[in-house]
Structures are given as structure tokens and as C-alpha cells.
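The values are calculated or read from the model by the stated rules, or taken from the named source; none is laboratory data. Remember, predicted model here, so these are calculated numbers, not experimental data. Heads up, the Cβs are rebuilt from the backbone with ideal geometry, glycines too, and the neighbour counts pull from every protein chain shown. Keep in mind that these areas ignore ligands, DNA and RNA; they rest on the heavy atoms of the full protein, side chains included. Shrake-Rupley method; radii C 1.70, N 1.55, O 1.52, S 1.80 Å.
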Amino acid sequence: MAKCPIDTSEMATAYEPQAVETALYDWWEEQGYFKPEIAPPEAQPFVISMPPPNVTGELHLGHAMFVAMEDLMTRYHRMLGQATLWVPGTDHAGIATQLQVERMLQSEGTSRQQVGREEFLRRTWEWKAKYGGQIQNQLRRLGASCDWDRERFTLDEGLSQAVREAFVRLYEKGLIYRGEYLINWSPGLQTAVSDLEVEYQEEEGILYYFKYPIAGANLEAGPGKGYIPVATTRPETILGDTAVAVHPDDERYRHLIGKTCLVPMLGRTIPVIHDTYVSMEFGTGALKITPGHDPNDFEIGQRHGLQIINALNPDATMNQNAGPYAGLDRYECRKKLWADMEAAALTLKTEPYVLQVPRSQRGGEVVEPMVSTQWFVKMKPLAEAGLEAVRDGRIEIVPERFTKIYYNWLENIRDWCISRQLWWGHRIPVWYCGDCGHMTVARQDPSACEKCGGASLRQDPDVLDTWFSSGLWPFSTLGWPDETEDYKRFYPTDVMETGYDILFFWVARMIMQGLEMTDQVPFHTIYLHGLVRDAHGRKMSKTAGNVIDPLEMMDQYGTDALRFTLLTGSTPGNDMSLSEERIIANRNFANKIWNATRFVVNNLGAAFEAGMGTLNLSALALPDRWIISRQNRLIENVTQLMDAHQYGEAGRQIYEFLWGEYADWYIEIAKIRLYGANIRAQATVRRVLVHVLDQTLRLLHPYMPFVTEATWQHLPHPDGSLMTTSWPVAAQVDEKAEADVQLVMDIVRAIRNARAEYDVEPARRIVAHIAAGEKYDLLQSQRDVLATLARLDLSSLRIAHSLLDKPAQALTLVVGGVEVYLPLAGMIDLQAERARLEKELAHVENGVARSQKLLSNEGFIAKAPAEVVEKEREKLTQLQDQAQKLRGRLDTLAD
């Protein structure tokens, strides 16, 4: 077993992340700590499938969020003793990767069409080999404790086999079919895209009103006689119209039903039909029907058996069906056609109109609805199984509110277009016979036609939607369709953690495909995190200049600072606001951990023996019992919060305990005994210091793995790593010890606040008289603590049950029934303080008078903006409160 790379001979004066992170990560990996096999064979598995980032991607905050969250879950369950497996991998990212390679070819003066499919794929695999390792190395930097020996890629041979198996099974069950339907076509990408890959953006547009001539009638006869008035936002699609539709009850147009109209500028005759889909109130009450370029029109066309005319080429230029406009770009056609219609007196008017413009999520260009022959999956039967799995509780969605959104999407799901006109991806396993035309769907490449035996076979040129292979991810990565040892041991997985923005793209499809292929849910819990936004809640973008680069943050402040900020700043399903200032604050927390550990280590002494086993807890000093009890309460709370997926709150509580209670209070109290003469007390406090720090570092390790490991290695411990130690178990809470020390702390805080209010020099020890009442024994036993932490003069500190002779000119503090008197003569120069307060009071009273005069001015009240008046009233209230406090202070100083 290789030795930990942390040099424990001496702790540096400050924590330096760059000096330990890479060395620690490499050591963890070399030791096999990321593997489930480190747990006993009988251990219960805990499995997460990593959402595979794009193979050629670069680390962004979305990656940092999911890695931090999943690594936290992984490290937590590993410490619980489970056989923990986090399966890493990357996605081939069909469109994204192909675009990268196409741009590279363009820079070389060529294109994919020119080099051909085989050469293009060779170049793409070459590209993947060159740039594909970058994202994995960046995930390592984040501390991802996944089993890299089980890393998968969606185009691996095994996963490709799984994709073929899934396709053929669905086809054999009649759930995959090939047909001509209206799909979303991306002209720039030259491929179909799914409904989920289209984003609708609100944009300013134009509504064009025009005349649809009635065949055989005179235009001058007017609307309803010579023409039907129609409106459209896309005039170029007029060239693909195959009907004009009106409502059957519309008195304006009922007499025209069954007649024919002439397509403007083309003269092609089309019928006038009736359909209740048409709204009599919207626009002109008549609709042009273009089944080849509008989803609603396609449905109407199917109901009425209308001809489908496609007027566009794949590159969004007009085709031969556009007649004289063939070859024009769609937007050039729009201008030319409208100008020609104006010249032919076929236009009525135009008006501004807000459009919902469909744009490709990947390419950004306007998507065109087009009729095309594609491959589809019938989703209804799969969706019903997916709905049932959540309804009956086999799968839980966290947070629960996304369950309704999940139901709504699956209940209204449409068939999924799975074919893409790309070259990079899983090619559709379908072959067409050139001799007899038969279509063969097969798991293995066929050598001959299964029908006629002919060898003239041509494989379908399309590839599958990337999400088809991603939907098989939880089980294909474990060896499915083969019954591998990993598949039998680790499937179903446990948690699917991802962003809520891909609940439908990916998560729902994994559920449906998992149930269909394995007859089991692929995971029992879906944890959805939100998006990472800037400090003002805005979406991060390069154009806005508000992008925070996680690599830069890790370089500057360390990985743990970034991780802890992301994990404690987020709640399930909600977006979080991230600022560099918060990362800096958590860098300071890492330093606090280091400094607290350094103090403990430097005060252990050569003969220190670790362990709490031989200590009698009931015999410990009150502060020791307090800190151990507080930690037991923390362990219980944090464990419950972790199990409830409230990771942010759990992390915040650890932070508050380590900084606020252990470092700021217990260490300061411990110094009294550490620096005292009682050797036995010194030994006891050292043990408590080490025990509490050890247990807290374990709690914090899933959040901040590097600094906790680096500090823990300096503490007395058995061989090995912090990440393989057991998760702390809560023992009994000591309510009385907690209440007693809380009172002591409250008294110290009250005295400190008084010192600050009177600006007492930090080094000055002041006199205090305490009427303790029933708390006499407690406070008497903690005299040293009170004197040390509140900077009191121990020799003159007076603690009594009650004080008959209460000191004059003293500040009185009442804390939990205990009265504390601080003689002002020992704190300040009374005469100088009185003069200072009188001067300050005069200044404040002048301000009160000015404000009252202004607010009594009717002209100011009438003319000034309401917010200005309200601000002045707030100012007056503050000044009056300040004056009252100053008078009270002066009364205290009175003879």
C-alpha cells in the first residue's frame, strides 16, 4: 500500500490547495478507494450513473454542480460501508461533435460531403482521441471519486450492442416504425430535431393579411364573394397551401364551403373546407392550411385527406413546388412573394405581431416544420409504464413538485422522432435490399437479404438521436444486454442526479427504456438540482460577461471552496446565485479548518494517545461534555438531512459547528487547561480536541474532500484514508451541559458587546460583579472561562448569589436571570465619555429638528416623491432612537 503523499512531519502555516489536490487524488485512485470492491462482499450496493458530459466538452458550472453533488452522495454512502459505485462516462454528442469536425474541415477548405462518410468518421474518431480526455481530467480536478476503470463511452462496442438490441426489440414489438410525418427540421444542421430540442422565443414579427381569390369570382366583389381574407406570419408557406379552412358555423363563409380558391401567384386550385379547429374570433376567421409546414395544419390535413406539399429544400431554400420562386432563400421568397402579391392587388394590410419563433437549441437558427420520412418510437405504451412507476412509489422525484410536471409531459407525449440525418452516432440497424426491396432489421450486420438472399444491401444512412443511447445508460454501462457480474450486482442503480432542465430529454426516457428493456426501474430516486446563475440571479452567458469559470475558481481558491459553495448554496430543484465573493468566503473556511487542525496538532505533545474509549464522559469537564454533546446533536441532524437529500442545510450546520462552536469557542476554552499546570487536564482536553475534530472532518469530507483529507492525515489515525473511515454515529446528548455552557457563552457575548459599545481597548481587563442566583455553582466553576473569554480581571471578579451593594455608575446586563454589573470607571474615562456623548447627542438632536421641520412642511409632503417622504420618516425614527439611547448612556454616567 502506497504511503499517503501528505508530509505529516510539519504543518505549513497556511493551507495551499495546489500543493495537495492532485497528489491526493492520484493516491486515492492508485489505492483503489474509488472501487466498490473496497467494501465487504456482503455490503449493500449504492450506485450512481454519471450523466455523461459531451466527449469534446469543456468544464462549466453545470458539470461542477453535478460532480460536487454526486461525489458528495458517493463519499457519504462509501463511509456508510456500502459497496459504492459511481459509473463515469462520456456521450458522443452527435450534433455537437459533428459540428466541431465540420468546422475543422471547413477551415481546411473541404467539407464532410467532399471527404465522404468513411473519411469523415475516421476524422471524427481522431478528433475524439485528441480532445476527448480533457473533460475527464477536469472532472478529476473536482475530486470525482468515480471508478475510472469502469468508464464508458456511448459509442463503445458494448454500448453499441445495447443500442442495437434496444432498437430491434422495440421494432419487433411494433413500437418503432418508419413513416412520413411532420417533424422539426434544422436547416443549418441539415437534420431532424426532436420537439424537446426546439426552444420557442418571443420575437417581434409581422402578421400579413391577404386575399385568397375564389375560383371563378371577381376580386372586386369583396370579402366572402370575390375572395376570402386570410392572415399569416409566414407568407412563403402560401406556396405549400392545400386548403382554406373556415368554421362550419361562420355565417361569413358557410356558403363557400366546398368551393375552390386559387393559390396566390401560382393559380393552383385548393378546396374550401370546414373544421371546428378554426376560431371565428381570431384574425379573419379563415385559415390557410399548409399540412407540409405547420403541425396544426398537418393534423387538419390528416382529418380531411388533404394533399401534403413540401415547398422547401433541406437548406430552407424554396423547391420546385414554389414555381417561379424556386431556389430563393425562404426569407427572400417571403419578400418577393409579398411584393408580387401587392402588385397583383392580393394584399390587404400588415401589422406588428409577437411571434413564438421555434429555434434549434443547438444551432440557434429558425426550425422549419417539414414533412419527412423518419424513424419514430410509439411513446404512449412506454409512457404509461413510466407514469405508473412514479405513481406507485417505485421512483421518487426530489423535489416532489416536479412530479406533476413529469406526469403532465408523459400524459401528453407525442411519438419520438429518433432518426437524425448525421454521420456521427449509432447508425440505424436497418438494411434495404437492392434486389427485392425488403427491409431487414438486425442485431448483427447481415451479409445477405433475409428474404431473397441477395447481397445488394444498403444500410439506412441515418443515425439515432443521441438521447436514444443515453436512455439506456444506467444498464448499458453495466453490461446489458449481457448478464454480466456488474449488471447482476449493481442494477438497478440507486440515484439519478441531474439538472431539472433535462428531466424530459433524458430522465423520463431512461425510466421508460429501463422498464421496457429490463422490466425494472433504473433507479429509485431522481434528485434534480437547479441552474447556476450569477449573483443577481441572471443566466450566465459570454455576451452578458458574467460567466464564472470553475477552472479559474479552483486555480485561485481551491477545489473545496468551489464545491462547498455550490453544495451549500443550493436546494433541490431551485436555481442558485453564485458569486466569487462566496467562493472566497469558503476558501477562508478551508483555511479555518487548516488553522484549527494546526493548533490541535501543535499542542498534542509527544506522548499523545488517540481515542475516547478509555475516557469516562461523565467525569469530563463541562466544556468537554458540551462540545461532545453538541457534536452528537450535529451528527444526528446531519445524517437525517443527508438521508432527506437536504445537503445544503447539512453542510451549513457542519460549517456553523466547526467554525462557530469548535474553533471560536471550544478551542479558546481548551487553551486555559492546555496552558495550565494540570497534566491530567491537559491530556483529557487533547483527546477531546482530537476526537471532535476527527469526527467533524468525517462529516465534512463529502463536501470538502481535499482539505479534510490533508488535515486528517496530520491527526493520530490508523493507516489509510479519511474517505474509507466510517461515518460518525451519534451518541447521547447532554442537555444540561449544553444549557449551562450556552448561558456562559451568552454572558461572555453580552460583556463583549458592552466592551465594543463603549470602545474598551481589547487588551484592557475590566471589573465585573455577577449576581448569579441559582447559577452560582455553575458560574463559580467557570470563573476562568468567563475571565479569559470576556477579558475580565480575575482577581476582582466577584460572583455571588445576590449583590446587596450593587456598584454605582455601572452598566447592568441581564442574561438568563443572571445580573452582570460592569463599573464604568474601570472601562472608560468617565469625564471624557460624558463630554463625547453630550456632543454626539447635540448633533443627533439637530438632525431630529431638521427632519421634523422638513416633514411638517406641507409643500414637501405634497411635491416630493412618496419614496423620498417615506425615507425621511425612516431617517427621523432612526435619529430619535439614537437620541434615546444616548440619553440612557448619559443617565448611566450621572453622579
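Points worth noting:
- Cysteine residues of the chain whose Cβ has no partner cysteine Cβ closer than 4.7 Å: Cys4, Cys146, Cys261, Cys333, Cys417.
- At a probe radius of 1.4 angstrom, the accessible area of the stretch 374-432 per residue rounds to 42 square angstrom.
- Added length on full extension, which subtracts the Cα-Cα distance from 0.36 nm per residue, Lys380 to Tyr200: 62.3 nm
- The chain: angle of helix 117-131 to the longest principal axis, Cα-based, in degrees nearest 10: 10 degrees
- Percent of Cα-Cα distances greater than 18 Å, calculated over the stretch 191-279: 52 percent
- Ignoring lysines fewer than eight residues from Lys488 along the same chain, the ones with Cα atoms less than 18 angstrom from its Cα are Lys35.
- Cα centroids of the stretch 870-895 and the stretch 177-205: 67 Å apart.
- Across the stretch 2-49, the volume of the C-alpha convex hull divided among the residues equals 127 Å³ per residue.
- Once exposed loop GluC sites (Glu not before Pro) are cut out (DSSP; at most 16 other Cβ, 10 Å), longest piece of the chain: 610-895
- Inter-centroid distance (Cα atoms) of the stretch 783-842 relative to the stretch 115-170, Å: 72 Å
- Sequence-distant lysines (8 or more away, or on other chains) whose Cα lies within less than 21 Å of Lys875: Lys839, Lys853, Lys863, Lys885
- Restricting the chymotrypsin sites (Phe, Trp or Tyr not before Pro) of the stretch 207-299 to loop positions (DSSP other than H, G, I, E, B) with no more than 12 neighbouring Cβ atoms within 10 Å leaves Phe282.
- Calculated FRET value between Arg394 and Met439, using beta carbons and R₀ = 25 Å, to 0.05: 0.10
- Geometric extent, Cα atoms of the stretch 1-118 - Rg, Dmax (angstrom): 20.8, 64
- Karplus (6.51, -1.76, 1.60) ³J(HN,Hα), θ = phi - 60°, over the stretch 407-420, in Hz, Gly and Pro reported as x: 4, 4, 5, 5, 6, 10, 6, 10, 4, 9, 7, 9, 8, 10
- Mean separation of Cα contacts under 8 Å (6+ apart) over length of the chain, as relative contact order %: 11 percent
- Helix 830-855 vs. the chain, principal-axis angle (Cα, 0 to 90°, nearest 10): 40 degrees
- The stretch 720-763, Rg to Rh (Cα coordinates; Rh as Kirkwood inverse mean 1/r): 1.34
- Residues of type lysines that Lys539 reaches as a straight line, Cα spacing below 29 Å, ignoring anything fewer than 8 places off in the same chain: Lys404
- Surface share of carbon and sulfur [accessible, 1.4 angstrom probe, percent] for the stretch 803-854: 54 percent
- Restricting attention to the chain, close to 70% of DSSP beta bridges with both partner residues there are antiparallel.
- Structural descriptor for the stretch 1-100: relative contact order 34 percent, calculated from alpha carbon pairs under 8 angstrom and at least 6 residues apart.
- Alpha-carbon Rg/Rh ratio, for the stretch 687-744, with Rh computed the Kirkwood way: 1.07
- The residues of the stretch 132-176 present an accessible area of 36 Å² per residue when probed at 1.4 Å with all protein chains retained.
- Full extension of the chain between Gln556 and Ser579 gives 6.9 nm of extra length, using 0.36 nm per residue less the Cα-Cα distance.
- Rounded to the nearest 10 Å², the accessible area of Ser796 at probe 1.4 Å: 40 Å²
- Projected-area mean, the stretch 459-555, by convex hull of Cα positions, square nanometres: 10.3 nm²
- Computed over the stretch 253-317, the P(r) tail beyond 12 angstrom holds 74 percent of alpha carbon pairs.
- Compared with the direct C-alpha span, the chain from Gln880 to Asp460 gains 142.9 nm at full extension, assuming 0.36 nm per residue.
- Ratio Rg/Rh, restricted to the stretch 127-167 and using Cα atoms, in which Rh is the Kirkwood radius: 1.08
- Helix 580-602 and the long axis of the chain differ in direction by around 40°, with both axes built from C-alpha atoms.
- Contact order relative to length of the stretch 799-895, as percent, for alpha carbon pairs under 8 angstrom and 6 or more apart: 31 percent
- Helices in the chain, meaning DSSP H runs of at least 4 residues, each add -39500 (n - 2.57). Divided by all residues, the mean residue ellipticity at 222 nm is -13000 deg cm²/dmol.
- FRET efficiency for Glu42 and Arg749, using Cβ-Cβ distance with R0 set to 60 Å, rounded to 0.05: 0.75
- Note on Leu355/Arg252: beta-carbon distance plugged into 1/(1 + (r/R0)^6) with R0 of 22 Å gives a FRET efficiency of 0.25.
- Annotation: per residue accessible area for the stretch 249-371 equals 50 Å², rounded to a whole number [probe 1.4 Å, protein chains only].
- The stretch 441-582, accessible surface, carbon-and-sulfur percent (1.4 angstrom probe): 45 percent
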